[in-house]
Amino acid sequence: LVKFDYSAVRIGKYATEAEYIEKRMEEIDGKEPGKGEEWKAKWEEQKDSVFAHQFLKLMNDQTGKKGVFAGTDLNDAPLTMMVHVTFIEPGWNVGVSRRNAEVTMTVEIYKTGDMNNPLVVYEMNRLQGVGAMGFDFDAGYRIGQSFARGGRELGKYLVK
């Protein structure tokens, strides 16, 4: 069972996710009134559909070689993995200038039912997402690639 925790995440230069969302919505609404709420809904939806999906897909590509798979809906799993996302740099791509997205996270693995004593704690810092040969204009895609890299690295570690 895998759970993703964004409760203490910092986004870019902002101290909290709430501050980032507020400022980003203001910026978007300033250009197109009413579009900020759409962006916010997409941001929340991407946490599962893009970020978690990419992480799990690439982790399972590695661990699946050993017959081990993880997911967010495996409630009877013997182990629980907590992915604490602590930092996201969305990056940017405006054609003439770009910056890769980055993600920092801590992964803790517990015996399900004993969430007080982690069996493993794995720190992953500044995971840069790279993809689309420079055509990564969507922040969600860029961030998703950072999560994918994290999943692949964790999967390789767990297989060892």
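Give the residue, chosen from Glu45, Glu26, that is out of contact with any strand residue (DSSP E or B) (no Cβ under 9 Å at 6 or more places or on another chain) and over 16 Å from Asp138 (Cα atoms).
Glu26
Among the residues making up region 35-70, those that are under 23 Å from Thr104 (Cβ atoms) and among the small types (Gly, Ala, Ser) are Ser49, Ala52, Ala70. Of the residues making up region 11-24, those that are of a type outside the set (Ser, Thr, Tyr), closer than 21 Å to Glu38 by Cα and open to solvent by 40 Å² or more (accessible area, probe 1.4 Å) are Ala18, Glu19, Glu22, Lys23, Arg24. Taken as a whole, region 127-139 holds at least one residue that is modelled with pLDDT of 95 or more and of a type outside the set (Val, Ile, Thr). Against the list (1) open to solvent by 20 Å² or more (accessible area, probe 1.4 Å); (2) touching a helix residue (DSSP H, G or I) at 6+ places or on another chain (Cβ under 8 Å); (3) assigned to a loop (DSSP other than H, G, I, E, B), the condition Leu74 fails is (2).
Scanning region 20-50 for residues that are among the aliphatic types (A, V, I, L, M) and either in contact (Cβ under 8 Å) with a residue 40 or more places away in the chain or not in a helix (DSSP H, G or I) (or both) yields a total of 1.
Which count do you get for residues in region 1-15 that are in a loop (DSSP other than H, G, I, E, B) and touching a strand residue (DSSP E or B) at 6+ places or on another chain (Cβ under 7 Å)?
Here is the first cut: in region 1-15, the residues in a loop (DSSP other than H, G, I, E, B) are 1, 6-9, 12-13, 15.
Imposing the further condition that a residue be touching a strand residue (DSSP E or B) at 6+ places or on another chain (Cβ under 7 Å) reduces the set to 1, 6, 8-9, 12.
Residues that pass the stated criteria total 5.
Considered as a group, the residues in region 80-108 that are among the aliphatic types (A, V, I, L, M) and farther than 20 Å from His53 by Cβ include one that is least open to solvent (accessible area, probe 1.4 Å), and that residue is Val94. Please verify whether region 146-154 includes one or more residues that are in contact with a helix residue (DSSP H, G or I) (Cβ under 6 Å, 6 or more places away or on another chain) and open to solvent by 10 Å² or more (accessible area, probe 1.4 Å). Checked region 146-154: at least one residue is in contact with a helix residue (DSSP H, G or I) (Cβ under 6 Å, 6 or more places away or on another chain) and open to solvent by 10 Å² or more (accessible area, probe 1.4 Å).
The values are calculated or read from the model by the stated rules, or taken from the named source; none is laboratory data. The model shown is predicted, which means the values in this text are computed figures rather than measured ones. Methodologically, a virtual Cβ is constructed for each residue, glycine included, from the backbone with ideal geometry; neighbour enumeration extends over all protein chains shown. SASA here: full protein model, heavy atoms, side chains in, ligands and nucleic acids out. Shrake-Rupley method; radii C 1.70, N 1.55, O 1.52, S 1.80 Å.
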